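FYI, it's all coordinate maths here, none of it is from the lab. As the structure is a computational prediction, the values presented were derived from the model and not from experiment. Cβ: placed from backbone, ideal geometry, glycine included. Neighbour counts: every protein chain shown.
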Amino acid sequence: MTQPPPAGGWPDPASTGQPSSSPPVDPTLPVSPHPQLPTQPTGYDPYQPATDPYAGMTPNPGQPPAAAPYPPAGYPPPAGYPPVPPGYGYPPPGYGYPQQKTNSMAIVALVLSLIGIGSCITAPIGAIMGHVAMRQIRETGEGGEGMAKAAIIVGWILTGLLALVIIGYAIAIAFAIAGSSSV
């Protein structure tokens, strides 16, 4: 059974023009916003470790695979592989990579710049030391670039504020002297 065309002669977008093979959907039933997910195959247990698809395979006798990575240091190589040369591989378990050395002048520059908040005189010294630390970091590849930049920024801002305070005091003194001499 087909329905008559809607008023205006436009076709119904829900209609495909073919007879429907499924019953109409009841709009009063709740609809899940999530699509139905496929089920896992029979015998699947998510709490069991996955099996290795390459288990039991051996490399070509007498010739290791071309792109075979060396095992981590501290572990013996698999059968058929050459031994790991010293100095290659990952660190043994329980050890990490050595940390990058931080430039000590960057640390001192940041400390001096921050002390300049209270002492005022160490801020420009910290800013200048920050510039020197940046040059050293570029040459040696050490860490601490962020501390050196922070020392430069904080040091020069505090130096600028100190200069404004000194200029303000000088202007206040000049006005005080000018006002007392006219009396």
Those residues of region 115-134 which are surrounded by 14 or more Cβ atoms within 10 Å (Cβ to Cβ) and small (Gly, Ala, Ser) amount to 116, 123, 126, 127, 130, 133
Subset of region 140-165, residues surrounded by fewer than 22 Cβ atoms within 10 Å (Cβ to Cβ), in a loop (DSSP other than H, G, I, E, B) and touching a strand residue (DSSP E or B) at 6+ places or on another chain (Cβ under 9 Å), comes to 142
Suppose the filter is surrounded by 11 or more Cβ atoms within 10 Å (Cβ to Cβ) and in contact (Cβ under 8 Å) with a residue 24 or more places away in the chain; does residue 137 pass it? yes
